[in-house]
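Read through the structure below, which is laid out as structure tokens, and then see the notes.
The values are calculated or read from the model by the stated rules, or taken from the named source; none is laboratory data. Treat the numbers as computed from the prediction; the structure is a model and nothing was measured. Reconstructed Cβ throughout: ideal geometry from the backbone, glycine too, with neighbour counts over all protein chains shown. Side chains are part of the model used for accessible areas, which takes the heavy atoms of the whole protein and leaves out ligands, DNA and RNA. Shrake-Rupley method; radii C 1.70, N 1.55, O 1.52, S 1.80 Å.
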Amino acid sequence: MLEAVLERVTYANEDTGYTVARVATERTGADLLTVVGALLGAQVGESLRLTGRWRSHPKYGRQFEVDSYTTVLPATVQGIRRYLGSGMIKGIGPVMADRMVGHFGTDILRVIEEEPERLVEVPGLGPKRTKRIADAWEEQKAIKEVMVFLQGVGVSTSLAVRIYKQYGDASVQTVRERPYRLASDVWGIGFKTADTIAQAVGIPHDSPERIKAGLQYTLSEAADDGHCFLPEPNLVTAAEKILGVERDLILPALDELARDEGVVREPIPGRGDGAATIPAVYLVPFHRAERSLARGLRELLDAPTDRLKAFADVDWDRVLPWLGRRTGADLAPEQEEAVRLALTSKVAVLTGGPGCGKSFTVRSIVELAAAKKAKIVLAAPTGRAAKRLAELTGHEAATVHRLLQLQPGGDAKFDQDEPLDADLVVVDESSMVDLILANKLVKAVPRGAHLLFVGDVDQLPSVGAGEVLADLLAAERIPRVRLTRIFRQAQRSGIVVNAHRVNSGEHPQTRGFPDFFLFPCEEQEEAAEVTIDVVANRISRRFGLDPRRDVQVLTPMHRGVAGAGALNQLLQDALTPHDEGRPERRYGGRVFRVGDKVTQLRNNYDKGEAGVFNGTVGVVTSVSLEENTLTVRTDEDESIDYAFDELDELAHAYAITIHRSQGSEYPAVVLPLTTGAWTMLRRNLLYTGITRAKRLVVLVGSRRALAAAVRTAGAGRRHTALAHRLA
């Protein structure tokens, strides 16, 4: 056993909990010891009682290998000062910790515990702040008591905090009696974690509750992969593998789930002539959303009124030349067709690749609608895309979430009962609009208004379930125009030319363009090193772009040596290194510093003016150890505060996956492509990554990986039935 104060965390793996840290003991004083093992959740400044053994590492020398740990209250003045000043208790920062320890000495912890009203004796502490400190201390105590139980059933500290925030004093009882509730109630806990807990508290392997939870988890995993439903045979086979039980036990549980309305069964016609009917199984929210979206689109198409009826009998031979004079350029025939379609059809789709004039077409549509005094509403899925749309058209644009004013819980302020005040609604980057969001949007469009979806259907489909844009194009009822002609000016851009080459299954031209480069590296480690050098040094030297603001690293996957996770640590060290003079906060495997580029990992409807949403990007502007808060300035120019126990909602965004980049555009994109991401290398993934860049693309990595990405078609259609329902 070793008792020590945690001084510094040098490495932490969020997935495994493996941590390398430096600790101080009374015996060693200023000479720090190295400890390694399962320490995830321990905070700098805490006094720890560690159990394990001493080992000698051939490279790093003597280390203490930790099996388990508990936190204990520090006993020395220095330890107490460090503990209180670590940002663990809201209202106490390093300065106030000094004052408190200076006034009460080692008795301070007893005073907080037993006589918190005496804290007002400390200069600068009034009654309000004293109460806050006392309340935060009590909450910490309660959380720690829950943690003792949860650690015994294999739950990490960070998850224990979330469980406590969800259930409070009922945490232990809920975990003991209904562990599978955690998977649906607590963000970050899936079926596998709940299943591990359930086994630890003695729930049988073949329990019907376990099997039903496993079926719902299997459908939820399929939704994470983009599917709105699974065919019943696929569901049962996948659940067999996950649950490790016989099919004979799964089928009755599925019947019971359907009876209890936990899932919906529905026969769906297969795609293509003569295809067999599919016995589809849906989670309830996706079934409702798909039916509701199809109904809403049909109602828009069939609306008896037309809020843009002025365009029904307009003289296009007069209008289009006027438009050309107004915008300074004539429309190509395909673009003219798209303009007419958007202004005369109540629902329409405009699609096409880069350089084909989608943006100019949208600007032209908005110009004409504005000339007729139409009420125009412009939206896009991300803040960056909305900004771009506003700059392009000269009209205000918002994210879809902000437009609908989503409330806590996810309900929208605007819906069929309170529709938007709009004659024309244009949704850009609609390839990334998922089923749930599309349904909320269509509900809010007033009947008689025109709705135009604009997007590139060859890009990756949405991160969320569904492939709405592809389904709209597959439904014969929905009018559409596909722009195919690449304009002459765009033909000089390596980004545009190579995006189309990749989309056609041809290898990109990596020489001869001023905006498209390849740095060949066969080894993953070398690719990671070159990526860091390209971002931190080469691009800024040659092109004058800011490495943090203007350059975005996009990777095929999160894991691996050249994945987003590893590259984020390296890029943070290069661009926002540790500085003794600046506060920082560690959470799990991440450390957050002022200046860090970060991204939101989940929809949180309770934050900010109108919620903060999965994929929102921003920069850390302050870290307050006294207030236990970190502040992020988002791309939408809003400052969002995060309590330290909410930092699991944030990840670094120096490098992000290509999937997470959808809808965004960056001056420069760096794409590491290695054979380590072999299973993810797809044509539409590479195409999407390339088309995110405005001025510069740099590929780093293996020619073999690049060739695999170009020749491998997308992963195939998702299981959806929107096109069928529209028919």
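For the reader, a short list of remarks on this structure follows.
- Checked across region 122-139, the condition of being modelled with pLDDT of 80 or more, β-branched (Val, Ile, Thr) and assigned to a helix (DSSP H, G or I) holds for at least one residue.
- Selection from region 53-77 of residues that are touching a residue at least 12 places away in the same chain (Cβ under 8 Å) and outside any strand (DSSP E or B): TYR60, LEU73, PRO74, ALA75, THR76, VAL77
- Within region 213-243, tally of residues that are more than 18 Å from LEU182 (Cβ to Cβ) and modelled with pLDDT of 90 or more: 18
- In region 20-71, the residue that is surrounded by the most Cβ atoms within 10 Å (Cβ to Cβ) out of those that are more than 23 Å from VAL591 (Cα to Cα) and in contact with an Asp or Glu (Cβ under 7 Å, 6 or more places away or on another chain) is GLY52.
- Of all residues in region 542-564, those being touching a strand residue (DSSP E or B) at 6+ places or on another chain (Cβ under 8 Å), assigned to a helix (DSSP H, G or I) and farther than 13 Å from THR531 by Cα number 1.
- Residues satisfying the stated conditions in region 171-215, i.e. small (Gly, Ala, Ser), within 18 Å of PHE149 (Cα to Cα) and in contact (Cβ under 8 Å) with a residue 12 or more places away in the chain: SER171, ALA194, ALA198, ALA200
- Filtered by the rule that a residue be polar (S, T, N, Q), closer than 18 Å to THR712 by Cα and either in a loop (DSSP other than H, G, I, E, B) or open to solvent by less than 30 Å² (accessible area, probe 1.4 Å) (or both), region 487-504 gives ASN498, SER504.
- For region 141-200, taking the residues that are within 23 Å of LEU73 (Cα to Cα) and of a type in the set (Phe, Trp, Tyr), the one that is modelled with the lowest pLDDT is identified as PHE149.
- Qualifying positions in region 78-95 - without any contact (Cβ under 8 Å) to a residue 40 or more places away in the chain and open to solvent by less than 10 Å² (accessible area, probe 1.4 Å): ILE80, LEU84
- Within region 212-220, not a single residue is exposed (fewer than 15 other Cβ atoms within 10 Å of the Cβ) and in a helix (DSSP H, G or I).
- Test set (1) over 30 Å from GLU46 (Cα atoms); (2) in contact with a His (Cβ under 8 Å, 6 or more places away or on another chain); (3) modelled with pLDDT under 90 - THR657 fails condition number: (3)
For every residue, the table says whether it meets (1) open to solvent by 20 Å² or more (accessible area, probe 1.4 Å); (2) touching a residue at least 40 places away in the same chain (Cβ under 8 Å); (3) not hydroxyl-bearing (Ser, Thr, Tyr).
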site: HIS659; (1), (2), (3): yes, yes, yes
site: PRO667; (1), (2), (3): yes, yes, yes
site: ALA677; (1), (2), (3): no, yes, yes
site: MET680; (1), (2), (3): yes, yes, yes
site: THR688; (1), (2), (3): no, yes, no
site: VAL697; (1), (2), (3): no, yes, yes
site: ARG704; (1), (2), (3): yes, yes, yes
site: LEU722; (1), (2), (3): no, yes, yes
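Here is a yes/no grid of residues against (1) modelled with pLDDT under 95; (2) of a type in the set (Phe, Trp, Tyr); (3) in a helix (DSSP H, G or I):
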residue	(1), (2), (3)
ASP417	yes, no, no
VAL442	no, no, yes
PHE453	no, yes, no
SER462	yes, no, no
ALA465	yes, no, no
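- When we screen ARG549, ARG542, ARG482, ARG559 for residues that are closer than 30 Å to HIS450 by Cβ and either in contact (Cβ under 8 Å) with a residue 60 or more places away in the chain or of a type outside the set (Gly, Ala, Ser) (or both), the only hit is ARG482.
- Within region 115-128, being open to solvent by less than 50 Å² (accessible area, probe 1.4 Å) and not hydrophobic (A, V, I, L, M, F, W, C) holds for PRO116, GLY126.
- Residue in region 401-416 that is buried (at least 24 other Cβ atoms within 10 Å of the Cβ) and touching a residue at least 60 places away in the same chain (Cβ under 8 Å) present: yes
- Against the conditions (1) over 19 Å from GLU7 (Cβ atoms); (2) at pLDDT 80 or above; (3) assigned to a helix (DSSP H, G or I); (4) open to solvent by 30 Å² or more (accessible area, probe 1.4 Å), ASP98 satisfies every one except (1).
- From the list THR351, THR305, the one residue that fits, being at pLDDT 90 or above, closer than 25 Å to VAL445 by Cβ and crowded, with 19+ Cβ neighbours inside 10 Å, is THR351.
- Test: residue in region 330-346 that is more than 35 Å from the chain's Cα centre (by Cα) and among the small types (Gly, Ala, Ser): yes
- Inter-residue pairs, beta-carbon under 6 Å, first within 30 Å of LEU686 (Cα to Cα) and in region 326-354, second at pLDDT 95 or above and of a type in the set (Phe, Trp, Tyr), 6+ apart: VAL349/PHE453
- Test for GLU117: is it assigned to a helix (DSSP H, G or I) and either at pLDDT 90 or above or more than 22 Å from VAL591 (Cβ to Cβ) (or both): yes
- Being on the phi > 0 side of the Ramachandran plot and either at pLDDT 85 or above or not in a loop (DSSP other than H, G, I, E, B) (or both) holds for only one residue in GLY595, GLY618, and it is GLY595.
- Looking across region 184-211, the residues that are open to solvent by less than 20 Å² (accessible area, probe 1.4 Å) and closer than 19 Å to PRO285 by Cβ come down to VAL186, ILE189, PHE191.
- Restricting attention to region 634-680, the residues that are outside any helix (DSSP H, G or I) and touching a Phe, Trp or Tyr at 6+ places or on another chain (Cβ under 6 Å) total 0.
- Test: residue in region 530-540 that is over 24 Å from the mean Cα position of the chain (by Cα), open to solvent by 30 Å² or more (accessible area, probe 1.4 Å) and more than 30 Å from THR634 (Cβ to Cβ): no
- Answer residue from region 255-302, given it is open to solvent by 20 Å² or more (accessible area, probe 1.4 Å), under 26 Å from the mean Cα position of the chain (by Cα) and of a type in the set (A, V, I, L, M, F, W, C) and is farthest from ALA374 (Cα to Cα) among those: LEU283
- Summed over region 575-608, residues that are closer than 26 Å to VAL670 by Cβ and surrounded by fewer than 16 Cβ atoms within 10 Å (Cβ to Cβ) total 4.
- Within region 471-486, considering residues that are open to solvent by 10 Å² or more (accessible area, probe 1.4 Å) and in a helix (DSSP H, G or I), the one modelled with the highest pLDDT: LEU473
- Residue within region 505-528 that is open to solvent by less than 30 Å² (accessible area, probe 1.4 Å), under 19 Å from ILE690 (Cα atoms), β-branched (Val, Ile, Thr) and in contact with a strand residue (DSSP E or B) (Cβ under 7 Å, 6 or more places away or on another chain) present: no
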